[in-house]
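Here's the structure, in structure tokens; my notes come after.
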Amino acid sequence: MRHLVLLSVALATAFIVGSTGAMAGPSKRQLAEIDARITEIMARDDIPGLSVGIAMPDGQVWSKGYGFSDLENDVPMTDKSMVRIGGVSQILTATAAHRLASAGKLNLEAPLQDYCPAYPEKKWPITTRQLLGHMGGVRHRHPSRILDPDKQEAYSIKHFPTVAASVAWYARDPLLHEPGKVRFSIPGYALVSCAIEGASDSAFPVAMDALLFERLGMTATQLDNPYTLIKHRARGYCANAWPETSDPTRDDEPVESSYLCAPPGYEPKTNRGLRSPAGSDVTRESGGGAFISSAHDLARFMRGYLDGTALPEAQRAIMTTNQVQRTGEPSPFGLGITVSEQDEATIWFAAGTEVGASAFVMMFPKDGLGVVVLSNLEDQPSRRETVMQIVDAVRK
């Protein structure tokens, strides 16, 4: 179990190798508590690397890395390590869409084709608002158990160089049902990406830089591209079976993960420990799940989202209001973010899993507090628990 030995070494030196930058952060007492709790979770769940970012209630931003971003080459995980963020991409995309809406450039209630003519009209009209709230009737990605290379998406290596290429792929499919009913859909956000291109008259990556990343100082966040050299990119891992002390049901996400950690015919339950997952190309997902980022950048995003720099308060209120389905039933989703109540307080959160990576962002608007946890372990079951442990340590 060589990686466990390396993990212990990295944890012991985490404060030295993890950059905290020039900004203030948790007190020494809080930091010691955070370090202890993260060390325990990483050892228990065999997590190779983890990075944490906190938007502090006093307005400061702090971030730090633990463990390894690359076990094979003994590369430490830092707060600048770049990790795929999966579904957390959607809050970034939705924020950019709402910036365009606040500027009068994107009408969320207009037919999608007004901004994305490449997507053909379907049986029912569809709007950008419905797509942002996972109520557009668009299917989710095909699960990993589908082995047909023309349909497989979770572990696909097919490259999509533009949003237009993604739209062409999804344009083939009919809507699953009349819009207005909740059905989680990463492809729906590829269509939102197309609407952003049309409303901004620029390519999606350029629009995201101009609308959000440059504004908040998120200098590293970008669309993940396997053919691009990305500085500080972490190597991803997956686990064949979780340790006996880990409970995979505790993460309570709105959709069930469907990833493979082994090739067809391989029985994962007979082997514990970490594996290097099959390669994948997430470019198909664009704004729905294709961003790669760091704890440092996402801490900056949370700070800007909480203090109004990222988005005018009126638009943020629209984003963070649970939608209502056409049946009158409430939806668990706002627009790009999940809204819930915990201990009589409102929380905003987003979770993501991609091949070789996991992410969780949670914000407490009343406290002005936000926490992000990124790891290079696919479908890490303790993402939410890790966030809550950090929140508890900060509040002590």
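The values are calculated or read from the model by the stated rules, or taken from the named source; none is laboratory data. Keep in mind that what you see is a predicted model, and the values were worked out from it rather than measured. In this analysis, Cβ positions are derived from the backbone assuming ideal geometry, glycine residues included, and neighbour counts consider all displayed protein chains.
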Query raised in the report: Which of the residues belonging to segment 285-337 are without any contact (Cβ under 8 Å) to a residue 12 or more places away in the chain and aliphatic (A, V, I, L, M)?
Result: A317, V324
Query - Matching entry among L175, L211 (being within 25 Å of S81 (Cα to Cα), more than 17 Å from the chain's Cα centre (by Cα) and touching a residue at least 12 places away in the same chain (Cβ under 8 Å)) - result: L211
Query - Output for segment 86-100, where each listed residue is hydrophobic (A, V, I, L, M, F, W, C) and surrounded by 24 or more Cβ atoms within 10 Å (Cβ to Cβ) - result: V88, I91, L92, A94, A96, A97
Report task. Could you figure out which of (1) in contact with a Phe, Trp or Tyr (Cβ under 8 Å, 6 or more places away or on another chain); (2) surrounded by fewer than 18 Cβ atoms within 10 Å (Cβ to Cβ); (3) of a type in the set (A, V, I, L, M); (4) modelled with pLDDT of 95 or more isn't true of I38? Result -> (2)
Report summary line: Note: among L369, L377, just one is within 23 Å of K64 (Cβ to Cβ), over 14 Å from the mean Cα position of the chain (by Cα) and not β-branched (V, I, T), namely L369
Query - Per-region count, segment 259-296, residues touching a Lys or Arg at 6+ places or on another chain (Cβ under 8 Å) and modelled with pLDDT under 80 - result: 3
Query raised in the report: Any residue in segment 63-71 that is part of a loop (DSSP other than H, G, I, E, B) and either on the phi > 0 side of the Ramachandran plot or at pLDDT 90 or above (or both)?
Result: yes
